[in-house]
1. Take TYR117 and tell me if it is open to solvent by 10 Å² or more (accessible area, probe 1.4 Å), outside the structural domain of SER438 (by the TED database), under 20 Å from VAL427 (Cβ atoms) and in contact with an Asp or Glu (Cβ under 9 Å, 6 or more places away or on another chain).
2. Counting residues that are surrounded by fewer than 18 Cβ atoms within 10 Å (Cβ to Cβ) and either on the phi > 0 side of the Ramachandran plot or not assigned by the TED database to the domain that holds ALA144 (or both), which helices (runs of 4 or more DSSP H) fully inside the stretch 186-249 reach at least 1?
3. Suppose the filter is open to solvent by 10 Å² or more (accessible area, probe 1.4 Å), within 24 Å of PHE444 (Cβ to Cβ) and either modelled with pLDDT under 85 or not assigned by the TED database to the domain that holds PHE154 (or both); does VAL321 pass it?
4. Which of the helices (runs of 4 or more DSSP H) found entirely inside the stretch 408-522 contain at least 1 residues meeting this: at pLDDT 85 or above and open to solvent by less than 20 Å² (accessible area, probe 1.4 Å)?
5. Can you list the helices (runs of 4 or more DSSP H) lying wholly within the stretch 89-160 that have 3 or more residues being within 24 Å of VAL33 (Cα to Cα) and small (Gly, Ala, Ser)?
6. SER372 - would you say it is small (Gly, Ala, Ser), assigned by the TED database to the domain that holds PHE284 and more than 16 Å from PHE298 (Cα to Cα)?
7. Conditions first: (1) more than 23 Å from the chain's Cα centre (by Cα); (2) open to solvent by less than 10 Å² (accessible area, probe 1.4 Å); (3) touching a residue at least 12 places away in the same chain (Cβ under 8 Å). MET105 passes all but one, so which condition is the exception?
8. Step by step: first the residues of the stretch 333-386, then only those that are within 27 Å of the chain's Cα centre (by Cα) and of a type in the set (S, T, N, Q), then the one that is nearest to VAL315 (Cα to Cα). Which residue is that?
Amino acid sequence: MGLWKERRVMLLTAVAYLGSLLFGYDTGVMGSVLALDSFKQDFNLPTGSSGFASSKNAYVSSNVVSLLTAGSFFGAIFGAFINEKIGRKFTLMGFSVVFLVGAAMQTGAHHEIGLIYGGRVIAGLGIGGMSAVMSVYVSENAPARHRGRIAGLFQEFLVIGSTFAYWLDYGVSLHIPTSTRQWRIPVGVQLIPGGMMLAGLFFLKESPRWLTKKGRHEEAAASLAHVRCAPVDSDEVVHEIGEIRASCEEELNATEGVTWKECLKPGPRKRFILAFVMMLCQQFSGTNSIGYYAPQIFQTVGLSKSSSSLFATGVYGTVKVVATAIFLLIGIDRFGRKKSLVWGALWMMSMMFIIGAVLVTHPPDPDSNSVSSASIGMVVMIYLYVIGYSASWGPTPWVFVSEIFPTRLRGYGVGLAAATQWLFNFVITKITPEAVNSIGWRTFLMFGIFCLANAVFVFFFVPETKRMTLEDIDFLFDGFNPEVRQKDVERAMSDAQPKQREVEFNEDRGPQRVDLDGTAKQ
């Protein structure tokens, strides 16, 4: 009964997070496509080298991957402002159209790498804009008791997308002869979920919190009732809409609207700094160096054959999907945000140090026809690394940044977080090929040190927010008086209560219709 009652929340989440699936698919597909000889032949790239041994392949790989993240950075900035003006739903619809244009350009490219570059930038604008809005949209509709695992599905959809891309690339490498069709099919498949997302958004409601902030209270109550599968005058809906209205009114009274100066006040400033540093730390954990360039990374540690590296990449993605799902089901709302981030960072640090140590003491032999035990060990360490990431720094930062901001600032805050993520995503994806090509095993040592720094940052500066309502999280940062909030909630509940009429009998005047405000009508 509980799951059935939340069916509309889950439907909304599934449609909104198709944008995350596209994010994962578009990042995963090109890393594997770049390893296919068919792609190299069509765009005049060297075909005799593996990993990042060829400087030209390393250069083109870094451009193809990093241009997506560069476009996403600007898309996230635009999305943060646009969604505050026109709403979460219509912003997602607009950016899904932008993404489809970019995906079509990539699919239609032939012999001109510039068209691939342009398509990646435009697709990145769409993905970046969606990334700035989808977590806000889901968090503002999710019930507090399940918000962690529901909002965390962002990461699950992302890894499903990337894993599907990995296995699809592996499948076409085995079953489709080396030709243009071999790489064009996996690149074109992304148009399907993009179209599904655009179609599904037509059937969803706008965020009740955004509607409340805009003063559209009746629409907000109807939207919340719809997503909660409850009557608009039910106690559940009336109480929750009362909390939302009270929070929005307190924010408005305290600030008289949103200005840039408000972001410099102690409470908002701390939230923005936390969001910025959290997403910076996520990128410098090293995950996207492996996620974007998994086939080449596996070739670097000893799986020199293209089919072997693509198979290992598919297994890598599958491990991420399973580990993320388990963590969201039993971990994030049980262990909380802070513990997960600290222990996850320490676990990832250990795996990175071990990979670097084995790589320097037992470097793979590129001329060998067999895979050494040292290479197998490093592959296992990569899988163990991603288990730690999936149970901490994968889903948790997105959940955290989507819940710490008040309604008036949530769009801007998550937009900043998304833009930060894409900015440093761009940095990491741009430097990884050259770093592996130039400094080799020290790349893994570098990321291990960053993981240690992440753990220290979270331990000292990140508060716990598990199972708190979005309105209660205000107390952590702004110190609202609970008694004042309760009075505001009761007043807002009274304002939100639909006007009802009941029939009373008056001895002198007969039956009367009496509104809740006391007005009697004959």
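1. no
2. Numbers: elements: 191-201, 208-213, 217-228.
The qualifying helices (runs of 4 or more DSSP H) are 217-228.
3. Against the criterion (open to solvent by 10 Å² or more (accessible area, probe 1.4 Å), within 24 Å of PHE444 (Cβ to Cβ) and either modelled with pLDDT under 85 or not assigned by the TED database to the domain that holds PHE154 (or both)), VAL321 qualifies.
4. Details: elements: 442-461, 473-478, 482-496.
Hits in the stretch 408-522: 442-461.
5. Numbers: elements: 113-131, 134-139, 147-151.
Of the helices (runs of 4 or more DSSP H) lying wholly inside the stretch 89-160, those with at least 3 residues that are within 24 Å of VAL33 (Cα to Cα) and small (Gly, Ala, Ser) span 113-131.
6. Working: small (Gly, Ala, Ser): yes; assigned by the TED database to the domain that holds PHE284: yes; more than 16 Å from PHE298 (Cα to Cα): no.
The answer is no for SER372.
7. It fails just one condition, (2).
8. Looking at residues that are within 27 Å of the chain's Cα centre (by Cα) and of a type in the set (S, T, N, Q), I get SER350.
The values are calculated or read from the model by the stated rules, or taken from the named source; none is laboratory data. None of these values were measured; they are calculated from a predicted model. Reconstructed Cβ throughout: ideal geometry from the backbone, glycine too, with neighbour counts over all protein chains shown. Ligands, DNA and RNA are excluded from the accessible area calculation, which covers all protein heavy atoms including side chains. Shrake-Rupley method; radii C 1.70, N 1.55, O 1.52, S 1.80 Å.
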